[in-house]
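Colleague: Handing you this structure, nothing more for now.
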Amino acid sequence: MGLAEIKLANGGYASSLPALTLNKGEDTMIEQTQEQVKKIILWLGGEESNSGFVRLLPDFDWHHISYWEKQVKSLDFLFKYAVPKLEYLKLYKAEHHLDYGVEVTLSSKKVVRLNPDPALALFWAIWEVVKK
């Protein structure tokens, strides 16, 4: 699935643009915490049980948060569930870095993140626009 095929919340489409030069954020190599993963899944429309299990409706059964930690590291998962909720997405290979850059916008908040793993760059950019 190409980036141009992803429809965004504002009716636009995600795009891939030429490389830009950016500074790395503090979170480029940090693993996500279970609380961060849970918050992202809940933002995607999931729900949490009294026993601490989480599911994403309507596609998934109840799973321990460790299952979701693996899912949010997948570009396929993020593009299927998270990217369509964004207003804007730009994914690129950063110049002078071995990193991928991701720029996202949601509710007029724009964030750019770099990471050697494009899925983690996307996760951290999404995290920055959804955390409160």
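Every number in this text was worked out from the coordinates using simple rules, so none of it is lab data. None of the values given here were measured: they were computed from a predicted structure. All Cβ positions, glycine included, derive from the backbone under ideal geometry; neighbour counts span all protein chains shown.
Colleague: Among 70-76, 53-59, what's the highest-first ranking by average C-beta atoms within 10 angstrom per residue? All intermediate terms of the calculation are to be shown ahead of the outcome.
Modeller: On the way: 70-76: 15.4, 53-59: 13.7.
Ranking the peptides 70-76, 53-59 by packing returns 70-76, 53-59.
Colleague: Let me ask something else about it. Treat the count of other C-beta atoms within 10 Å as a stand-in for reagent exposure and order His64, His96 from fewest to most.
Modeller: In increasing order of surrounding Cβ atoms, one gets His96, His64.
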